[in-house]
Amino acid sequence: MFKKNLKKIIIGSVVILLPMLAGLILWNKLPELLPTHWNAAGEVDGWGSRAMVVFGESLGLLAIHWLCAAVCFADPRNKGQSGKAMLLVLWVCPALSVLVGAATYLTALGLQPFSMDKIMFIFMGLLFIAIGNYLPKCRRNYTIGIKVPWALDNEENWNATHRFAGKLWVGSGIATLLLAFLPWGEIGFWLSIGIILAAAVVSCVYSYIYYRKQLREGRR
């Protein structure tokens, strides 16, 4: 399966390295210190050297990209995994690299049109919506999805859990997107964290309730 998706992994790797190339092109225009972190209000509160940011961020995400691919493809249950689910895994790091790279350089050059908190709300919202759409298509495995034991041990539970979780994560994505257009600042950040945790916990609780229902009806 790794060889089958090698082309996609390489294309994703090239996209991840695009911000590094952009940094080299803009090298003489960039200041010595570049932003590396934004607080909950979308304000820069961390800085790094030009070399560290230009090379470090892209190479770090490249390493994570290959690690995620290796872990997913090492899972024997992913041999027949949905191609769309795997595609999502392979494009999270490339999309994040382009987003962070653009935000970093635009902020450094004083050209950023939107605050970082709004950009992240939009990114996370779209990511949750994508995850929600792909969860129902995800087959049982140990690396992707709602991996609670009562779902992993039973295909019916797994499918029911992921159909429910898919709708829940799409709804969470829409709610997170709305935060980008509300003037809540730091409160919006904590609300987004709450939305993430709620979606994860409720999905697991639903799976357990479904498991108990299966036991009562003698279907396990």
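The values are calculated or read from the model by the stated rules, or taken from the named source; none is laboratory data. Since this is a predicted model, take the numbers as computed values, not measurements. A quick note on method: Cβ atoms are made from the backbone with ideal geometry, for glycine too, and the neighbour counts reach across all protein chains shown. Heavy atoms of the whole protein, side chains included, go into the accessibility calculation; ligands, DNA and RNA do not. Shrake-Rupley method; radii C 1.70, N 1.55, O 1.52, S 1.80 Å.
For the chain, the longest piece that avoids every one of the GluC sites (Glu not before Pro) found in DSSP loops with at most 16 other C-beta atoms within 10 Å covers 44-216.
Other residues lying with their Cβ under 13 Å from the Cβ of Met116 contribute a combined charge of -3, Lys and Arg counting +1, Asp and Glu -1. Counting alpha carbon pairs within less than 8 Å and at least 6 residues apart, what relative contact order, in whole percent, applies to the chain? It comes to 21 percent, rounded to a whole number.
In sequence order, the stretch 95-102 has phi-based couplings of 5, 5, 4, 5, 5, 5, x, 4 Hz under the Karplus curve 6.51 cos²θ - 1.76 cosθ + 1.60, θ = phi - 60°, and Gly or Pro positions carry x.
For the stretch 95-150, applying the loop criterion from DSSP together with a ceiling of 16 other beta carbons within 10 Å to the chymotrypsin sites (Phe, Trp or Tyr not before Pro) yields Phe114, Tyr142.
For Lys147, the aspartates and glutamates whose Cα falls under 16 Å of its own Cα, not counting residues fewer than eight places away in the same chain, are Asp75, Glu155, Glu156.
Protein chains only, probe 1.4 Å: how do Phe189, Phe73 rank by accessible area, largest first?
Reading off the accessible areas and sorting them downward yields Phe189, Phe73.
The label point for Trp66 and the one for Val205, both projected 7 Å from the Cα toward the Cβ, are 4.2 nm apart.
The calculated Kirkwood hydrodynamic radius for the stretch 79-128 is 12.4 Å, given to one decimal from all distinct C-alpha pairs. A straight Cα-to-Cα reach below 15 Å connects Lys118 with the aspartates and glutamates Glu43, Glu186, residues fewer than 8 places away in its own chain not being considered. With bins 5 Å wide beginning at 0, the percent of Cα pairs of the stretch 6-78 falling in each bin runs 3, 14, 18, 18, 17, 12, 9, 5, 2, 1.
Please report Rg over Rh for the stretch 155-220, where both radii come from the alpha carbon positions and Rh follows the Kirkwood definition.
Radius of gyration relative to Kirkwood radius: 1.16.
On the beta carbon distance between Ile196 and Arg77, with R0 = 22 Å, the FRET formula returns roughly 0.30. Remark: the stretch 1-134 carries a charge dipole of roughly 800 debye about the Cα centre, counting +1 on each Lys and Arg Cβ and -1 on each Asp and Glu Cβ. Treating the stretch 121-201 as a set of equal point scatterers at the Cα positions, no solvent, please give the Debye-formula log₁₀ I(q)/I(0) at q = 0.20, 0.22, 0.24 Å⁻¹. Summing over Cα pairs of the stretch 121-201 leads to -0.81, -0.92, -1.03.
Across all directions, the shadow cast by the convex hull of the stretch 94-157 built on its C-alpha atoms averages 5.6 square nanometres. Solvent-accessible surface (1.4 Å probe) assigned to Thr36 amounts to roughly 50 Å². Cα-based radius of gyration for the stretch 62-220, normalised by 2.2 N^0.38 Å, reads 1.18. At q = 0.13, 0.14 Å⁻¹ the log10 of I(q)/I(0) for the stretch 1-150 amounts to -0.67, -0.76, computed by Debye summation with a single uniform scatterer per C-alpha, solvent ignored. Ligands, DNA and RNA left out, the 1.4 Å accessible surface of the chain is 70% carbon and sulfur atoms.
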